[in-house]
Ligand SMILES: *Cc1c(COP(=O)(O)O)cnc(C)c1O
């Protein structure tokens, strides 16, 4: 039998370069193990993970409870397709709808699929319930949105790299400025054929843009007034990341005391993904109440893997961890601490202009051009100093550690970050 030689990081990067499509530009680090807030590279060097797989690993790497649920289910039954019932799906559907306070869930796998599902539900609702003439429905979206990578979703992106040469594009979308309530009101009044408003409660990929206070509540109110569905894409902001169970809380069953500090905004359609599985498995979902979800009938929509028993078992465990370990509250407290520590540094800094965010979804803005490589170089230096983060643009670095972090670890991370930034002053 051939003895497998352990490959170096350099060799492993070479393999990806040679055999994989170049659709990403990763930081030059090869990870081979993870536990809680830490990951280790192929040579055994330990790092703090400050990206959490774009907020998919909120519960920490390889959470034992999630891994146990996954392995148990994987040894029992993995996939039946929805041609048959399975004994985990119904249980999960009851659990997740009660957890977030909606009548129904439509289970999918990836975030983009869930966004597509929400758009389809919204259009069908518009024709069958609102009476919009066939093929005339319009959905309002925001500038600088990120909702995934499918052909329809990139049709309403304004990132040229994500769009160019992927046309022809799907029509039926109106783009307005984010965090501009007048622009929303104007768009809603512009036509009788508006079906929905799709929005990220905080724009993550765009650079962690937090809208002004009450923007979401006012937007919801306007949507209600115009009979338009308010669709929240909480794929990145959901599941405790921003210091609450959801960034748009609504009447979820969450007992988090910080929720009451913000207005209640219950989306008509809620889109979840990423941390819904704690990063163990692709699990996404669309939640809505019966008057909306009932437009979906057998044959209208589906997915071979959506709602499979492993996904159901994993998601239940992942959501239990959020409540058992009070991760929303922890994200709230550590987020406040992180921003206040960073602000102390920023006062004396010429390289960082500001820190913004909510809970443990934060970003710093670097004092350089959007197309500079300063943020990239800082991330490489952070890596050398034992902390992994990724720029979202040439001058923005997002900081989103797993929510299972403790105060001592967070302060150690602030130390690594500020010492690294010092090298660039
Ligand atoms: C990541 C993300 C998506 C897409 O999720 P995938 O699982 O990568 O398809 C959609 N919306 C938002 C807000 C996201 O952050």
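Protection proxy ranking for 89-97, 39-47, using the average of other Cβ atoms within 10 Å per residue and placing the highest first: 89-97, 39-47. For the chain, modelled as a GNM whose springs connect Cα atoms under 10 angstrom apart, the maximal fluctuation among 123, 149, 244 occurs at 149. For the range 18-171, just say rounded, prolate or oblate: build the C-alpha gyration tensor, square-root its eigenvalues into a ≥ b ≥ c, call rounded for a/c under 1.5, and beyond that prolate if a/b exceeds b/c, oblate if not. Oblate.
Taking the C-alpha atoms only, the angle from helix 111-125 to the longest principal axis of the chain is near 10 degrees.
Test of understanding: ordering 98, 221, 329, 234 by Cβ neighbours within 10 Å, fewest first, what list do you get? Each step should come with its number before you reach the end.
Numbers: 98 11, 221 15, 329 19, 234 29.
The order, fewest Cβ neighbours first, is 98, 221, 329, 234.
Judged by the mean number of other Cβ atoms found within 10 Å, the most tightly packed of the peptides 156-165, 380-389, 106-115 leads the ranking 106-115, 380-389, 156-165. Counting neighbouring beta carbons within 10 Å and listing from fewest to most, the residues 178, 85, 332 come out as 85, 178, 332.
For the chain, the ratio of Cα radius of gyration to the globular rule of thumb 2.2 N^0.38 Å stands at 0.98.
The relative contact order of the range 1-86 comes to 19 percent, based on Cα pairs under 8 Å that sit 6 or more residues apart. Relative contact order for the range 285-373: what is it in percent, counting Cα pairs under 8 Å that are at least 6 residues apart? Dividing the mean separation by the residue count of the range 285-373 yields 18 percent. As a rough footprinting exposure proxy, the listed residues 371, 49, 264 were ranked by other beta carbons within 10 Å of their own, and the order from fewest upward is 371, 264, 49.
Under 10 Å, Cα contacts only: if you run a Gaussian network model on the chain, which one of 143, 325, 347 comes out with the highest mean-square fluctuation? Of 143, 325, 347, the most mobile in the Gaussian network model is 347.
With only alpha-carbon atoms in the gyration tensor, what are the semi-axes of the equivalent ellipsoid for the range 115-216, in Å, largest first?
Working: eigenvalues 92, 70, 26 Å².
Working from the Cα gyration tensor, I get semi-axes of 21, 19, 11 Å.
Springs between Cα atoms under 10 Å define the GNM used for the chain, and in it the highest mean-square fluctuation of 174, 364, 13 occurs at 13. Ranked by the mean number of other Cβ atoms within 10 Å of their residues, highest first, the peptides 335-342, 291-298 come out as 335-342, 291-298. With contacts taken as Cα pairs under 8 Å at a separation of at least 6 residues, the chain carries a relative contact order of 23 percent. Counting only alpha carbon atoms, the long axis of helix 89-100 and the longest principal axis of the chain meet at about 80°.
Quick one: check the C-alpha center-to-center distance for the range 139-216 versus the range 1-77, whole angstrom. Taking the Cα centre of each part, the range 139-216 and the range 1-77 sit 32 Å apart.
Since every read-out is calculated from the coordinates, none of them should be taken as a lab result. Here the structure is a predicted model, which is why all the values come from computation and not from measurement. Neighbour counts are summed over all protein chains in view; Cβ atoms, including those assigned to glycine, are modelled from backbone coordinates with ideal geometry.
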